[in-house]
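First comes the structure, then the notes that go with it.
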Amino acid sequence: MTALGILYPGHFAEDDYPRIEQLLGSDIRVDLVHTEAGEDTRQVDALREMGSPERLATGVEGLRLSGAEAVLWASTSGSFVYGWEGAHEQVRALARAAGMPASSTSFAFVHAVREVGARRVAVGAPYPQDVAGLFADFLRAGGVEVAGVRAAGSVSAREVAGWGEAETLALARSADVSGAEAVVLPDTALHTAAYVPLLEEALGKPVLTANQVTVWEALRLTDRRVNAPELGALFTREPIVQV
């Protein structure tokens, strides 16, 4: 049994995680611990507070007791708002506090883009334009070429958590641009676990979503590879070696 520890802010799309655990169909356990989300607004200062060491530390003890082998901070915006170096320090501090390997959803996206062999991506972000721009900057810092950014302008995680298949597909389609080799949909408040194959079929390319890549990154940290076609191209490919 491989136990994955997920620190998830608030209560929005956390039901994606038991769904993903079920779709993995193997000896994988996904343990979810909630942290305090704070003010539900997509303003940079509030997002930085959500990802503060004090907020993350509150969930660490529960994950240690669960037997987790790696921990993921399951917030895209609560990590990339610190910038590339600041997000590295965030996960280093989390690893020290937890006593296990750690990462975050923002780094999961960078690693997942490489995994599917994409060099140019299109971003469809539920966020306001300024926050979406910070995510694009983070991807660029990780060596990912961003072909286009579509910001839906939502200022509330609760609003995004209410989106269904139609809204998610519309966001992905509006974000896709010519030359993009994958479409990236950040925001762990967005339900996507049930829609990835549909999104990929509609766009004809890999689609990477926040809760999907979060679990994949936790598996990567534990050296596990699981074939799960229901979770999209990311879970069906052999590792891509880029030079």
**Study point:** Dipole magnitude of the chain, debye to nearest 20 (Cβ charges: Lys/Arg +1, Asp/Glu -1, about Cα centre)
**Key:** 560 debye
Review point. What number, in percent, do you get for the relative contact order of the chain if the mean sequence gap of Cα pairs under 8 Å and at least 6 apart is divided by its residue count?
Key: 23 percent
Exercise for review: Using only the alpha carbons, work out the radius of gyration and Dmax of the chain in angstrom.
Suggested key: 16.0, 47
**Study point:** Cα extents of segment 1-112 along the three principal axes, largest first (Å)
**Key:** 39, 27, 27
Review point. Do you know the relative contact order of segment 71-153, to the nearest whole percent, from alpha carbon pairs under 8 angstrom that are 6+ apart?
Key: 32 percent
Revision key, fill the gap. The rounded separation in angstrom of the Cα centers of segment 204-219 and segment 62-138 is 12 Å
Check your understanding: What value, in deg cm²/dmol to 500, does the helix sum -39500 (n - 2.57) over DSSP H runs of n ≥ 4 give at 222 nm once divided by the residues of the chain?
Key -> -13500 deg cm²/dmol
Check your understanding: Of GLY59, GLY10, PHE109, whose Cα points farthest to the positive end of the dipole of the chain (charges on the beta-carbon: +1 Lys, Arg; -1 Asp, Glu; origin at the Cα centre)?
Key -> PHE109
Review point. Under the Kirkwood approximation applied to all pairs of distinct alpha-carbon atoms, what is the hydrodynamic radius of segment 28-78 in Å?
Key: 11.8 Å
Practice item. Measure of size requested: the Rg and Dmax of segment 117-209, with Cα atoms as the atom set and Å as the unit; please supply both. Key: 12.1, 33
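Bear in mind that the values in this text are calculations on the coordinates, not laboratory data. Every value quoted in this text rests on a predicted model; they were computed, and no experiment measured them. In this analysis, Cβ positions are derived from the backbone assuming ideal geometry, glycine residues included, and neighbour counts consider all displayed protein chains.
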